Amino acid sequence: MSITISATDPRIQYTASSSQTTFAVPFEFFADADLQVKHTSSGGVDTTLTLSSNPTTVAQYSVSGAGETGGGNITLGSGATAGDKYTITRNLTVSRSTDFPSSGVFPIETLNTELDKIIAMIQQKGIDINLSPRASSTTSTAYGLTFPELVANKLLTVNSAGNALEFSQEIGTFKGNWSASVAYVQRDIIKDTSTNNIFICNSSHTSSGSQPITTNTDSAKWDLIVDAATATSSATAAASSATAAASSATASANSATASATSETNAGNSATTASTQASNAASSASSASGSASTATTKASEASTSATNAASSATTASTQASAASTSATNAASSATAAASSASTASGHATTATTKASEASTSASNASTSASTASTQASNASTSATNAAASATAAAASLDSFDDVYLGSKSSDPTVDNDGDALTEGDLYYNSSSNTLKYYNGSAWVGIVADTDVKVLVSANDTTAGYLNGKLVAGTNVTFTENNDGGNETLTIAATDNSIPFAIALG
């Protein structure tokens, strides 16, 4: 058998995919038995698989490609588990199995095979060397280093000269609570019962004195590894922080309650403002009705207009109060949110201090979240109150667009600068007259002094005197100043005829 031994490491490792059965062998080998296959499970357990010509389980494998340049394959009896590792190595027995004759025909093919196996064995040992710890080729202190004799309960260390290995360092164990007159060695671990701190011995010695270790005569021979005293203080501080966080959460809840109260007050103020606005609208309606009967109700219309203006002022005041209450509610909501933020900060501090306080800090965080929710609800209610106040102001504005108030001259636009509408009212302070807008001009509302009267109970039509009297022949009536200080002139057109006047 003559093959080419390539410069390929006689070792390869695969991470299997699910149900994989075939794995390539990229290096040369002479017989099926020259390969060793090891399986490493996900738990790190190594198992050497069994060679079989007809494998049936994942623990068995068959081989192809023996004696061929370039290698071959191994095939498992069943599919591998994903993530498991398979390591394939060449594992020749290091020996010489052929002895060449001193005379006669020289077996060249046998010599080639032997040389191939020698190279294969050298490669195989190279793998063993690569898997072993070794010094750098440029070392100056580890060259020619030898391993010392083993010593029980000692650690392997470098000597003080830095040029050799020795077993000198004590292993050390946990000795429990510290006691006086005890021989401690390096790396021994003890507990200081006065502080609960844990120390490790850095110098072998026989203990003396008393606790705490930090003030003991041999304190320099111990190194602190667990500072339980500080941890206890931190836990106490964490508990205090948790308490403070709970207090802050309570304060947040109180702020939320105050916000809810402010929201209720704002709602009440908004309701009052709405009622006053409704009253103002009713007064405006009354003023409009008075205008339609202005012929006989001029003075009453003026009074109604004054009352409407007063109601409008009251509505404006109530709307302002509602807006102030809404602002107060928003401020309370802000204070509640600030308190919630403070509570969350304390909860975070408590969590950082120690795991022992985490439960308390979590409860404080939950309380803070509840307070934040209440604050949000209060803010929403405040917004609703502000909306009610806006509605009240809108009602006031609607009335203000009808009754324009007292002015010294006829206005050309309403109080919002909009065009005048038919039915608008205002009081002219220059002429002391209530006026209404008829769609094109302002008309004064005054008392009717030109009153038509009935002459008797049987008179069905009101009229002036000259329309009620009947003159005879050659008699004329002349009525002067109709409707105001009326006078009646009676004249005869023919003085030759006597006449008489009868009044009754």
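Give me the mean projected area, in nm² to one decimal, of the convex hull enclosing the Cα positions of region 37-118.
So the mean shadow area of the Cα hull is 7.4 nm².
Using all C-alpha to C-alpha distances in region 10-76, build P(r) with 5 Å bins and read off the rounded percent in each one.
Reading the bins upward from 0: 4, 17, 29, 27, 16, 6, 1, 0.
Over 10 Å intervals from 0, what percent of Cα-Cα pairs in region 69-171 sits in each interval?
Per 10 Å bin, starting at 0, the Cα pair percentages come out as 10, 21, 21, 21, 19, 7, 1.
Once you list every other residue whose beta carbon is under 12 Å from the beta carbon of Ala66, what net charge do they have if Lys and Arg are +1 and Asp and Glu are -1?
Net charge in that neighbourhood comes out at -3.
Evaluate the Debye formula for region 203-249 with equal point scatterers sitting on the alpha carbons, no solvent, and hand back log10 of I(q)/I(0) at q = 0.32 Å⁻¹, in q order, two decimals.
The computed values of log10 I(q)/I(0) come out as -1.10.
Counting only other residues whose beta carbon sits under 11 Å from that of Gly439, what net charge do I get with K and R as +1, D and E as -1?
Once all neighbours under 11 Å are counted, the net charge is -2.
Order these peptides, 35-46, 419-430, 123-134, by their mean beta-carbon neighbour count within 10 angstrom, highest first.
By packing density, highest mean first, the sequence is 419-430, 35-46, 123-134.
Any chance you could check the Cα centroid distance between region 147-188 and region 12-89 for me, in angstrom?
Centre-to-centre (Cα) distance: 45 Å.
Would you tally the net charge around Ile198, using a Cβ to Cβ cut-off of less than 12 Å, leaving Ile198 out, and scoring K and R as +1, D and E as -1?
Once positives and negatives cancel, what remains is -2.
Just reorder Thr48, Thr215 by solvent-accessible area, largest first, 1.4 Å probe, all chains present.
Of Thr48, Thr215, the descending order of accessible area is Thr215, Thr48.
Students often get this wrong, so check it: of Lys85/Lys117; Lys38/Lys117; Lys175/Lys221; Lys154/Lys175, which have C-alpha atoms separated by over 20 Å?
Lys85/Lys117; Lys38/Lys117
Taking the simple approach of a point 7 Å from Cα along Cα-to-Cβ for both Ser431 and Thr412, what is their distance in nm?
Here the answer is 1.9 nm between the modelled labels.
What FRET efficiency comes out for Ile127 versus Ala24 if R0 is 22 angstrom and r is the Cβ-Cβ distance? Round to the nearest 0.05.
Given R0 = 22 Å and the Cβ-Cβ separation, E is 0.80.
Can you pull the accessible area of Arg187 for me, 1.4 Å probe, Å² to the nearest 10?
110 Å²
With a 10 Å radius around each residue's Cβ, average the other Cβ atoms per peptide and rank 159-172, 14-27, highest first.
Taking the mean over residues of other Cβ atoms within 10 Å, the ranking is 14-27, 159-172.
What translational diffusion coefficient, to the nearest whole µm²/s, does region 167-222 have by Stokes-Einstein, given a Kirkwood radius computed over alpha-carbon pairs, a temperature of 4 °C and 1.567 mPa s viscosity?
D, rounded to a whole number, is 117 µm²/s.
The values are calculated or read from the model by the stated rules, or taken from the named source; none is laboratory data. Worth saying up front: this structure is predicted, and the values here are computed from it rather than measured. We place every Cβ from the backbone using ideal geometry, glycine too, and count neighbours over all the protein chains shown. Ligands, DNA and RNA are excluded from the accessible area calculation, which covers all protein heavy atoms including side chains. Shrake-Rupley method; radii C 1.70, N 1.55, O 1.52, S 1.80 Å.
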